[in-house]
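> Sharing a structure here in structure tokens format.
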Amino acid sequence: MLPYQSLEEAEEALGRALSVAEKLWFQYSARKPDFILHCHNILFVMLFYTLAPLPYVFIGLGWFKNMDKFKIQPKVNDCFSNMFKCYKHVMRTFVLVVGPPQVISYPTIQWIGIRTSLPLPSLSEVFWQIVVYFIIEDFSNYWIHRMLHTKWAYKKIHRVHHEYTAPIGLAAPYAHWAEILILGLPSFLGPTLVPGHIVTYWLWFILRQLEAIETHSGYSLPWTPTKYIPFYGGAEYHDYHHFVGEQSKSNFASIFTYCDYIYGTNKGYRSHKQVLGKVKSL
């Protein structure tokens, strides 16, 4: 809740006129408790999880026949009933597993310094914080993901996520409840180390969700803007990890490729690409 009774009072406190974005933020948040703003996060996660995979769902159901050529595992087809079953599983996980920790973490969010106040962060501040969050998440997620591929952890926890040997966008957060909590930690690590505005906090979780949906989509679309991000893995890169499954020793990173390159866990994928290249040339 903002400590100002009017726009004029806010402008007087800041010593300048509010931007259009700041006026909109004032009108939306001025009378809302910070706790309510914090709880928006889980609502955004559920909303974008519902909407973002829809193009891939329509493609997978055959609405756009000319898109089949972009499917990474073309011999594997999915049906609506299985997609909807996946969706229900994930939404139930969001409500029962993700929601409660999000709610009770509010004092921690306050303590680390996620703010709701004016002024809003500049676009450059938001951009660089999001970049830092992605780097922190990718590095920490890499090591936890490798741990989940140990014999015990895979059998007891991670195998649920690998039920999809040919992943679909809806299956990005499809996992054992313990994995959801464990792999949620890297996502919170960035905002904990580099706290910012709650708008940045919301945007970070939305973008992370969109990225995960794309990398699990099962389609390598040539026009996706993420192809221009340096060291970005993408759908084809992560699809190989699911294709190999339990025996996978490659492509553990969630976003970028440099950790797998540095620590030598991309050799299987590189060999796979070489074989495919030779087959195509024949």
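The values are calculated or read from the model by the stated rules, or taken from the named source; none is laboratory data. The structure displayed is predicted, hence computed values, not measured ones. Glycine also receives a Cβ, built like all others from the backbone with ideal geometry; neighbour counts cover every protein chain displayed. Calculation scope for accessible area: heavy atoms of the full protein, side chains included, ligands and nucleic acids excluded. Shrake-Rupley method; radii C 1.70, N 1.55, O 1.52, S 1.80 Å.
> Are any residues in the range 136-172 assigned to a helix (DSSP H, G or I), surrounded by fewer than 22 Cβ atoms within 10 Å (Cβ to Cβ), aliphatic (A, V, I, L, M) and touching a residue at least 40 places away in the same chain (Cβ under 8 Å), and if so, which ones?
If the condition is that a residue be assigned to a helix (DSSP H, G or I), surrounded by fewer than 22 Cβ atoms within 10 Å (Cβ to Cβ), aliphatic (A, V, I, L, M) and touching a residue at least 40 places away in the same chain (Cβ under 8 Å), then ILE136, ILE144 are the ones that fit.
> Return yes or no: is ARG92 touching a residue at least 12 places away in the same chain (Cβ under 8 Å) and basic (Lys, Arg)?
The answer is no for ARG92.
> So is ALA175 outside any helix (DSSP H, G or I), modelled with pLDDT of 95 or more, of a type in the set (A, V, I, L, M, F, W, C) and under 17 Å from the mean Cα position of the chain (by Cα) or not?
For ALA175, the condition - outside any helix (DSSP H, G or I), modelled with pLDDT of 95 or more, of a type in the set (A, V, I, L, M, F, W, C) and under 17 Å from the mean Cα position of the chain (by Cα) - is met.
Listed here are the residues, each with its yes/no results for (1) surrounded by fewer than 17 Cβ atoms within 10 Å (Cβ to Cβ); (2) not hydroxyl-bearing (Ser, Thr, Tyr); (3) not in a helix (DSSP H, G or I).
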| residue | (1), (2), (3) |
| --- | --- |
| TRP25 | no, yes, no |
| TYR28 | yes, no, no |
| PHE35 | yes, yes, no |
| HIS38 | no, yes, no |
| VAL45 | no, yes, no |
| THR50 | yes, no, no |
| TYR56 | no, no, no |
| ASN66 | yes, yes, no |
| LYS69 | yes, yes, no |
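> Exactly one of these conditions fails for ALA153: (1) closer than 30 Å to THR226 by Cα; (2) modelled with pLDDT of 95 or more. Give me its number.
(1)
> Follow-up. Condition test on ALA175, is it closer than 24 Å to LYS156 by Cα, in contact with a Cys (Cβ under 6 Å, 6 or more places away or on another chain) and surrounded by 14 or more Cβ atoms within 10 Å (Cβ to Cβ)?
no
> Take the range 239-257 and flag every residue that is part of a helix (DSSP H, G or I) and open to solvent by 20 Å² or more (accessible area, probe 1.4 Å).
If the condition is that a residue be part of a helix (DSSP H, G or I) and open to solvent by 20 Å² or more (accessible area, probe 1.4 Å), then TYR240, PHE243, VAL244, GLU246, GLN247 are the ones that fit.
> Taking the range 19-72 only, how many residues are aliphatic (A, V, I, L, M), closer than 28 Å to SER117 by Cα and touching a helix residue (DSSP H, G or I) at 6+ places or on another chain (Cβ under 7 Å)?
4
> While we're here: Can you pull out every residue in the range 76-112 that is under 17 Å from TYR201 (Cβ atoms), open to solvent by less than 50 Å² (accessible area, probe 1.4 Å), in a helix (DSSP H, G or I) and among the hydroxyl-bearing types (Ser, Thr, Tyr)?
Passing the criteria: only TYR106.
> On to the next question. Among all residue pairs at least 6 apart or on different chains, which show Cβ distances below 7 Å where the first residue, located in the range 102-130, is under 21 Å from PHE26 (Cβ atoms) and the second is polar (S, T, N, Q) and open to solvent by less than 30 Å² (accessible area, probe 1.4 Å)?
The qualifying pairs are THR116/SER29; PRO121/THR200; VAL126/THR200.
> Separate question: Could you tell me whether ASP260 is part of a helix (DSSP H, G or I), acidic (Asp, Glu) and in contact with a Phe, Trp or Tyr (Cβ under 7 Å, 6 or more places away or on another chain)?
So ASP260 passes the test.
> Next question. Just checking, does the range 263-274 include any residue being surrounded by 16 or more Cβ atoms within 10 Å (Cβ to Cβ) and in a loop (DSSP other than H, G, I, E, B)?
yes
> Would you check which residues across the range 189-206 are part of a helix (DSSP H, G or I), under 25 Å from TRP25 (Cβ atoms) and either β-branched (Val, Ile, Thr) or open to solvent by 60 Å² or more (accessible area, probe 1.4 Å) (or both) and list them?
Looking only at the range 189-206, we keep the residues that are part of a helix (DSSP H, G or I), and these are 189-193, 198-206.
Filter once more, so that each one left must be under 25 Å from TRP25 (Cβ atoms): 190-193, 198-206.
Across the range 189-206, the qualifying residues are THR192, LEU193, ILE198, VAL199, THR200, LEU203, ILE206.
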